[in-house]
1. Under a 10 Å cutoff between Cα atoms, tell me which one of Trp43, Trp23, Trp95 has the largest fluctuation in the Gaussian network model of the chain.
2. Only residues of segment 113-156 count here: report those whose backbone N is under 16 Å from the spot 7 Å along Cα→Cβ of Asn15, or say none.
3. Semi-axes of the equivalent ellipsoid of segment 1-55: what are they in whole Å, largest first, if each equals the square root of 5 times a C-alpha gyration tensor eigenvalue?
4. Radius of gyration and Dmax for the chain's Cα atoms, expressed in Å?
5. Using only helices, what value at 222 nm comes out for the chain when you add -39,500 (n - 2.57) per DSSP H run of length 4 or more and divide by the total residues, to the nearest 500 deg cm²/dmol?
6. Tell me the trypsin sites (Lys or Arg not before Pro) within segment 104-150 that lie in a loop according to DSSP and have at most 15 other beta-carbon atoms within 10 Å.
7. For the chain, set up a Gaussian network in which alpha carbons nearer than 10 Å are linked by springs, and say which option among Ala44, Ala130, Ala188 fluctuates the most.
8. Shape of segment 76-158 from its Cα gyration tensor (a ≥ b ≥ c, root eigenvalues): rounded if a/c is under 1.5, otherwise prolate when a/b > b/c, or oblate?
Amino acid sequence: MISEQLTEIYQLLLNHFGPQHWWPGDTQFEIITGAILTQNTSWANVEKAIANLKSAHLLTPEALHHLDTPQVAELIRPAGYFNVKAKRLKSFVDWLFEKHDGRLANLEIIDTEQLRAELLAVKGIGRETADSILLYAFGRSVFVVDAYTARITVRHELIDPDADYEQLRGLFQSNLPDDVQLFNEFHALLVKLGKEFCRPNPKCQVCPLEQLPHCLEQDYS
Ligand code: SF4
């Protein structure tokens, strides 16, 4: 049963790595900002960009709404792809002001599927970012999928290599209890596993999932 395999993977990872305490961030808006900035860069670089915004007292929707995109880009420069990411951050904030009076609290009452659809309609917000915002900033039970999730589940033959984002998300959401804390921890543990062991060249012999069947010791990126 897939649900039992996923539960076993989760337990092995939690036993090995311990709780990951995701998502780092003092406020809901800091978590959202981190989710938008983290694409294609290391978390250390995101932290530098967030520190810039914080030290300038600009890490709020109101403050960013009053800046123009080049000003935002300069502040988040350490995050890489800063011009593109500044546009995305501004798009999110502008949407928040245009549709929801600039208040994150107004998003709390929106049904998860509707909020997901609205986030995906914001220019530059893709599925992984939208789902990270839903799960980690708003505590909604949405499983976040990324390249590590795909690599690990394919190597363990839990899903077809051609599976798309929604099929991967469905794999977890259909086979696990609808539990925000479980989704929070499981995604963080898969990221840790992908970074430390399940790399393009896998380190199966020393991996916490080494004992599981159907593990393919082959290159897959
Ligand atoms: S490194 Fe090997 S054992 Fe570990 S998750 Fe990847 S495929 Fe599985």
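Laboratory data are not the source of any read-out in this text; all were calculated from the coordinates shown. What you are looking at is a predicted structure, and each value in this text was computed from that prediction instead of being measured. Neighbour counts run over all protein chains shown; Cβ positions are idealised from the backbone, glycine included.
1. Ranking Trp43, Trp23, Trp95 by mean-square fluctuation puts Trp43 first.
2. none
3. The three semi-axes for segment 1-55 are 31, 11, 11 Å.
4. Considering the chain through its Cα atoms, Rg and Dmax are 18.2, 55 Å.
5. -17000 deg cm²/dmol
6. Lys123
7. Most flexible of the set in this elastic network: Ala44.
8. oblate
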